Amino acid sequence: METIALRASARKTSGKGPARRARTSGLIPAVFYNPQAESFMLTVSATDMKNILKKKDENIFINLQIEEEGKSIDRMSIIKDIQIDCLTGQIIHIDFYEINMDHKLTVDVPVHFEGGQEAVKQDGGLLIMKREVSISCLPSILPDHFAVDISGLKIGEAFRVRDLPITEGMTILESEDTILAMISITREETKPEAEEEIAKEGPEAVKPKAKAKEKE
């Protein structure tokens, strides 16, 4: 895992007002969680954070260089949650979680699929069911992501959690039968009789989607 340094400043005020003023000043309100001690509030540069995420969108170790009253302390951490404004796309809050190299982490790791274009050659369709899986392991063996080759899948076959290339010391916290990706039969290959039945039954009722609520 790559480690990136990030400057942070301790903050003593909370609430919507101070948080809004911080964002106006180009800062992002954040919280640093330490399982062995009390958590504390921070601000980090919005520009620095965006630059980090542009380079690396997977799990990364962040060496927080926290400044408070003229003193600076380093804390190794990982990003556990990022809240984004649903209208502007701007980061509005970040949760950092301290890392202890001797204790296991529980993290969602992205899955990158390679060779999906082969499904098109078979007149099949690639369906991605899940793009990340939850695992538990020591920080020293935590992967950036899982890279999996699905070029060998045939129509009707699936890539499941049990097929992931895990190493010793990793524990997948999901059912091994969970489907991550599969090659489906395209609509063109559906039997004409089946399409006639669908036409007779009429279109399915479309249920209204729930509106997304913006997090505070």
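The values are calculated or read from the model by the stated rules, or taken from the named source; none is laboratory data. Given the structure is predicted, the values throughout are model-derived calculations rather than measurements. Counting neighbours? That spans all protein chains shown, and the Cβs are built from the backbone with ideal geometry, glycine included.
If I filter the range 1-26 down to residues being under 30 Å from Leu142 (Cβ atoms) and of a type in the set (Ser, Thr, Tyr), which single residue comes out as farthest from the chain's Cα centre (by Cα)?
First pass over the range 1-26, keeping only residues under 30 Å from Leu142 (Cβ atoms): 1-11.
Retained after the next criterion (residues that are of a type in the set (Ser, Thr, Tyr)): 3, 9.
Values: Thr3: 18, Ser9: 25 Å.
Step by step, filter the range 1-26, then rank; the result is Ser9.
For the range 143-164, filtering for residues that are more than 12 Å from Ile179 (Cβ to Cβ) and in contact with a Leu (Cβ under 6 Å, 6 or more places away or on another chain) leaves 1. Among the residues of the range 203-213, is any outside the structural domain of Gln83 (by TED's automatic domain parsing), modelled with pLDDT of 50 or more, more than 22 Å from the chain's Cα centre (by Cα) and over 16 Å from Asp108 (Cα atoms)? No, the range 203-213 has no match at all. I'd like to check which strands (runs of 3 or more DSSP E) are fully inside the range 1-112 and have at least 1 residues that are over 30 Å from Gly169 (Cα atoms) and free of Cβ contacts under 8 Å to residues at least 24 places away in the same chain. Output list reads 27-33, 71-84.
Tell me which residues, restricted to the range 131-169, are surrounded by 14 or more Cβ atoms within 10 Å (Cβ to Cβ), part of a loop (DSSP other than H, G, I, E, B) and under 18 Å from the mean Cα position of the chain (by Cα). Hits for the range 131-169 are Leu142, Pro143, Asp144, His145, Leu164.
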